[in-house]
Amino acid sequence: MSKPAGNRTAKEKAIQPKGGKASEPVLLSGGNPQIAKGDGDAPVQAYIAAMPGWKREAGRNLDALIVRTVPDAHKAVKWNSPFYGVEGQGWFLSFHCFTRYIKVTFFRGSALQPVPPVASKDEVARYVHIHEHEAIDEALLSDWIRQAAALPGWVP
């Protein structure tokens with residue numbers, strides 16, 4: 001028996017259409033999941049669950065690393081991407097699925113040491129790309145996450 005539409009959890013709302021019928025999430029360009037925007041862990045977990053193939057496990061690992069590094073991180077899904085922030089400081093990190101990689105955005109990345117490797121059109125933002133079968137330097141990524149969370153974040 002299905003729940004009435006008004007009684008669905010945030011995660012269920014994120015992955016089910018308004019008619020209440022379960023369906024596969026829509027994958028946008030590059031395989032990025034289309035997940036309803038929302039605050040909290042549930043929409044982020046719905047996004048991660050909808051990530052295709054190897055990216056799902058990478059997304060779980062990335063989320064776990066962020067939570068271990070910044071236990072009080074505020075989470076949301078905005079613009080079909082998970083966002084992580086510190087209450088009252090703004091967003092410090094987001095990630096997004098592309099065809100061949102996951103792009104991790106550090107909104108104030110140019111202030112991190114060492115500076116993350118991929119430049120942006122925005123001179124302040126920097127990126128890290130996570131590719132399939134490529135080792136991730138968790139110590140360095142964790143250090144960047146810790147540094148980024150301590151800076152004033154991005155406020156849209």
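No value in this document is a laboratory result; all are computed from the given coordinates. Because the structure is a prediction, the values reported are computed rather than measured. Note: ideal-geometry Cβ built from the backbone for every residue, glycine included; neighbour counts use all protein chains shown.
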Checklist line | Sequence ranges 34-44, 123-133, 65-75, ranked by mean other-Cβ count within 10 angstrom, highest first | finding: 34-44, 65-75, 123-133
Check: To the nearest 20 debye, what charge dipole does the chain have about its Cα centre, counting +1 at the Cβ of each Lys and Arg and -1 at the Cβ of each Asp and Glu?
Finding: 640
Check: What is the extension gain from ARG100 to TRP54, computed as 0.36 nm multiplied by their sequence separation minus the C-alpha to C-alpha distance, in nm to one decimal?
Finding: 15.5 nm
Notebook entry, point to check: Between segment 125-139 and segment 34-103, what's the alpha-carbon centroid distance in Å?
Noted result: 15
Check: Whole-Hz Karplus ³J(HN,Hα) for segment 37-54, in order, using 6.51 cos²θ - 1.76 cosθ + 1.60 and θ = phi - 60°, x for Gly and Pro?
Finding: 5, x, 8, x, 6, 4, x, 5, 5, 5, 4, 4, 4, 8, 5, x, x, 4
Next item on the list: Pick out, from ALA125, PHE98, ALA42, the residue whose Cα sits farthest towards the positive end of the charge dipole of the chain, with +1 on the Cβ of Lys and Arg and -1 on the Cβ of Asp and Glu.
Entry: ALA42
Note to self: I'd like the projected area of segment 64-119, averaged over all directions, using the convex hull of its alpha carbons. Report it in nm² with one decimal.
What the structure shows: 4.6
Notebook entry, point to check: What is the Cα coordinate range of segment 67-156 on the first, second and third principal axes, sorted by size from largest, in whole angstrom?
Noted result: 36, 28, 28
Margin query: Below 15 Å, Cα to Cα, which aspartates and glutamates can LYS55 reach? Residues fewer than 8 away in the same chain don't count.
Written below: ASP63, GLU132, GLU134
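Note the full-extension length gain between ALA139 and LYS37 as 0.36 nm times their separation in residues minus their Cα-Cα distance, in nm to one decimal. Present the calculation step by step, with values, prior to reporting the outcome.
Details: separation 102, 0.36 × 102 = 36.72 nm, distance 3.03 nm.
Full extension from ALA139 to LYS37 adds 33.7 nm.
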Checklist line | Karplus-derived HN-Hα couplings along segment 61-77 (A = 6.51, B = -1.76, C = 1.60, θ = phi - 60°), whole Hz, x at Gly and Pro | finding: 5, 5, 4, 5, 5, 4, 5, 5, 7, 10, x, 9, 4, 7, 10, 7, 10
Next item on the list: Straight distance only, please: which aspartates and glutamates reach the Cα of LYS78 with their own Cα at less than 15 Å, same-chain residues fewer than 8 apart left out?
Entry: ASP39, ASP41
Notebook entry, point to check: At q = 0.18, 0.20, 0.21 Å⁻¹, what is the log10 ratio I(q)/I(0) for segment 89-136, with the Debye formula run over Cα points and no solvent?
Noted result: -0.54, -0.66, -0.72
Margin query: List the residues, sorted by chain then number, that are 5 or more residues from PHE95 or on another chain and whose placed amide H is less than 5 Å from its amide H.
Written below: THR105
Item checked: Ratio Rg/Rh [Cα only; Rh per Kirkwood] for segment 20-82 -> 0.97
Next item on the list: Determine the relative contact order of segment 29-156: mean sequence separation of Cα pairs under 8 Å and six or more apart, normalised by residue count, in whole percent.
Entry: 24
Checklist line | segment 37-114 - charge dipole about Cα centre, Lys and Arg +1 at Cβ, Asp and Glu -1, debye rounded to 20 | finding: 340
Notebook entry, point to check: What does the convex hull of the Cα atoms of the chain come to per residue, in Å³, rounded to a whole number?
Noted result: 121
